[in-house]
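Step one of this worksheet: look at the structure below.
The values are calculated or read from the model by the stated rules, or taken from the named source; none is laboratory data. Note that this is a predicted model, so its numbers are computed, not measured. Positions of Cβ are generated from backbone atoms using ideal geometry, with glycine treated the same way; all protein chains shown enter the neighbour counts. When the accessible area is computed, the model is the full protein with side chains, heavy atoms only, and any ligands, DNA or RNA have been set aside. Shrake-Rupley method; radii C 1.70, N 1.55, O 1.52, S 1.80 Å.
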Amino acid sequence: MQPPLRPPRYPQARLLRHKQAVLQKQRGMRMARCRALLKQYREVLLYVFFGGCTTLVNLGSYWLLRALTNWNYNLENILSVTLAILFAYWANSRFVFCSTARTLPERLAECAKFIAARLSTMALEVGGVFAMVEFLRMRDTLAKLAIQFVVLALNYLFSKFLVFTKGNRS
């Protein structure tokens, strides 16, 4: 008597395992590519994130001052920009450009350059808001929001090339 025929070794299961292995390898390659992109654009991504946070500090404090006080919008604008500058220095020196300034004189020099750069964009912002409100008859909050895009780009360029020149750029 002949031994019974063995059933096939489930070729579908073997094919499924192969497909899963290929998909896992592709997933690993995509993750590696994502990690490489994140590493390459880390500084820009962090700057955009903390720039957004700075903009929220700027706009939030402005709108809060508008709601709680009856001051002139220019004074409220100057105060909100000042708060945003202080927050931005802390975030940029610590997280974005990884400042290498360690001693007090180094930090003071870096902070002075940062504040000088931000005061120049603050002047542009205050002047821009004033011009849009007075000459273009825009609402002050809309003018404030509109000018933020120019200010954000200029602040990045000033920080990267003038202020944090010794920063760790990976």
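List of remarks:
- Counting every C-alpha pair in region 7-80, the share spaced more than 20 angstrom apart comes to 64%.
- Principal semi-axes of the equivalent ellipsoid, √(5λ) from the alpha carbon gyration tensor of the chain, are 55, 23, 12 Å from largest down.
- Compared with the dominant principal axis of the Cα atoms in the chain, helix 42-68 is inclined by about 50°.
- With respect to the chain, whose longest principal axis is taken over its alpha-carbon atoms, helix 140-158 is tilted by about 70°.
- Enclosing the Cα atoms of region 42-89 in their convex hull gives a volume equal to 52 cubic angstrom per residue.
- Rolled with a 1.4 Å probe across the full set of protein chains, the surface gives ARG27 an accessible area near 130 Å².
- Entry note, region 1-117: relative contact order of 23 percent, from Cα contacts under 8 Å with a spacing of 6+ residues.
- Translational diffusion of region 102-151, µm² s⁻¹ [Kirkwood Rh, Cα pairs; Stokes-Einstein; 10 °C; 1.306 mPa s]: 130
- Ranked packing of 31-44, 108-121, most packed first, by mean Cβ within 10 Å: 108-121, 31-44
- Computed from the alpha carbon positions, the gyration tensor of region 70-170 leads to an equivalent ellipsoid with semi-axes of 30, 13, 10 Å, biggest first.
- Heavy-atom accessible area per residue - region 67-170, 1.4 Å, Å²: 57
- Carbon + sulfur, % of accessible area of region 42-128 - ligands and nucleic acids excluded, 1.4 Å: 75
- The LEU86 and ALA131 beta-carbon pair, evaluated with R₀ = 35 Å, returns a calculated FRET efficiency of approximately 0.85.
- A Cβ-based charge dipole, computed about the Cα centre of the chain with Lys and Arg at +1 and Asp and Glu at -1, lands at about 1780 debye.
- Only DSSP H runs of four or more residues enter the estimate; each adds -39500 (n - 2.57), and after division by the residues of the chain the mean residue ellipticity at 222 nm equals -26500 deg cm²/dmol.
- Between 0 and 90°, nearest 10: helix 104-134 axis offset from the chain longest Cα axis: 80
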